[in-house]
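The structure appears right after this line, and notes come after that.
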Amino acid sequence: MTPLKKYCVDGSKKIKLSDFSTTPDVSKKLKDEIVQKMEENQKQIALLQDKLYSESKESVVVVLQAMDAAGKDGTVKHVMNGLNPQGVDVYSFKVPSSEEAAHDFLWRCSKNLPSRGKIAIFNRSYYEDVLVVKVHKLYKSYKMADRCLGDDIIEKRYKQIRNFEDYVYDNSYRVIKIFLNLSKDEQKKRFLERIDLKIKNWKFSASDVKEREYWDDYQQAYEDAINATSTNDSPWYIIPADKKWYARYLVSQVLLETLQTINPKYPEMPESERKLLTQDKEKLMNEE
Ligand code: ATP
C-alpha cells in the first residue's frame, strides 16, 4: 500500500502548508508504473463500489478543494472512470444562487448528501464558505442578523463544519477531504496553456488571474481551514498536484483505501428465501 500517512492530516498536530510538497516524491521514470497502478486501482474501486451499492449501508463523500487549474475536473474524470454511474453523483458548487444564499451555508451541500450505497463527489463544497468568503470577507454583505456577523464568523463556521462532519459520520457517511496542492508556478504554466491553446480557451476566465493575486491569502485560508477541521474520522489529504498523473493516482489510492476500510459485502440471501429461489428455478426450467 502507498504510505498515504504523510499526506493525511488527522488533527493530531497543527500543520504548515509550506511543509507539504507540490511535486511527487517519486522519480518521473516511474510514471508508467504509477499510471498502471492507477488503472489497477480503478478496477478495484469499481468492484468495491458495486458491493457498496448493493449493500447500501454506508456512503462516501469526496470533497475536492483546490486553487484554480489544480486539476479538480480531471481528477473527477480519471478517478471515477469505470464506476457505475448509477452509484455516483457529482456536484459542482459555484457562487451561491439567490435561493442558496437565502439559506444557511451548509444547506446546499447537506441536501446533496448521497443516499446509502452511493459515492458523491463535491467539486468545491461548504469549505468555500471559509475560503473565498474569508479571503474576500464576503460575509460583510450577507443578509443576516447582525448577531451572526461578528468577526468570529469564520471561527464559528469551522466549529459548525466539524459538527456537521461528525454528524454525517455518525449517520453512516465517510467524508474524504482532498486538497490538491498546486504550486504558484505550475498554476501560471496551466493558465498560459489555457490562453495559448484554442481548445483550452473555454477553461480560462479572467477572474482566475484576479484570484491569483490573492494566492498567499488563499494558502493561509487553506492552512487555517485544514488545521481547524481535520479529525481522525474526517481527515484532510494534502495531495501534491503539480503532476497530474501522480495526483490522480494518490486520490484513487485514498478512495480505494477508504472503500477497503468500509469493506462492503454483497448482501446474502436468507436461507428461507434461497429455498424459494430453487422453486423459481424449477418453475423456469419446466416452462414449455
Ligand atoms: P475550474 O477550477 O475548472 O476553473 P471552478 O471550480 O473554478 O472550475 P468556476 O465556475 O470557474 O468553477 O468557479 C466557481 C467559483 O464559485 C469559484 O470562484 C468559487 O470560489 C466560487 N464559490 C463557490 N462557493 C462559493 C461560496 N459559498 N461563496 C462565494 N463564492 C463561491
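Miscellaneous remarks
- Order of Ser272, Ser115 - criterion: other Cβ atoms within 10 Å of each residue's Cβ, fewest first: Ser272, Ser115
- Cβ-defined net charge surrounding Asp146, 15 Å radius [Lys, Arg +1; Asp, Glu -1]: +2
- In this structure, Glu288 and Gln86 have a Cβ-Cβ separation that, at R0 = 25 Å, corresponds to a calculated FRET efficiency of about 0.10.
- Helix 31-55 axis, angle to the chain major axis (alpha carbon atoms, nearest 10°): 60 degrees
- Extension gain (nm, one decimal) between Lys281 and Arg212, 0.36 nm per residue minus Cα-Cα: 18.4 nm
- Alpha carbon Rg of the stretch 1-156, scaled by the compact-globule rule 2.2 N^0.38 Å: 1.25
- Helical contribution to [θ] at 222 nm, DSSP H n ≥ 4, -39,500 (n - 2.57), averaged over the chain, rounded to 500: -14000 deg cm²/dmol
- What you get for the chain, charging only the Cβ of Lys and Arg (+1) and of Asp and Glu (-1), is a dipole of about 740 debye around the Cα centre.
- In nm, spacing of pseudo-spin labels at Tyr167 and Lys111 (7 Å Cα→C-beta vector): 1.5 nm
- Whole-number percent relative contact order across the stretch 170-275, with pairs defined as alpha carbons under 8 Å at least 6 apart: 41 percent
- In nm, spacing of pseudo-spin labels at Ala101 and Glu268 (7 Å Cα→C-beta vector): 5.6 nm
- Among Cys148, Cys109, Cys8, a tally of other beta-carbon atoms within 10 Å of each Cβ gives an order, fewest to most, of Cys148, Cys8, Cys109.
- Among Ala247, Ala101, Ala70, residue whose mean-square fluctuation peaks in a GNM of the chain (springs only between Cα atoms under 10 Å): Ala101
- Among the lysines of the stretch 244-288, pairs at least eight places apart or on separate chains and with Cα atoms under 30 Å apart come to 4.
Every number here is computed from the coordinates shown, using simple stated rules; none is lab data. Just so it is clear, the structure is predicted and the values come from calculations on it, not from any experiment. Quick reminder, even Gly has a Cβ in these numbers, built from the backbone with ideal geometry, and neighbours come from all protein chains shown.
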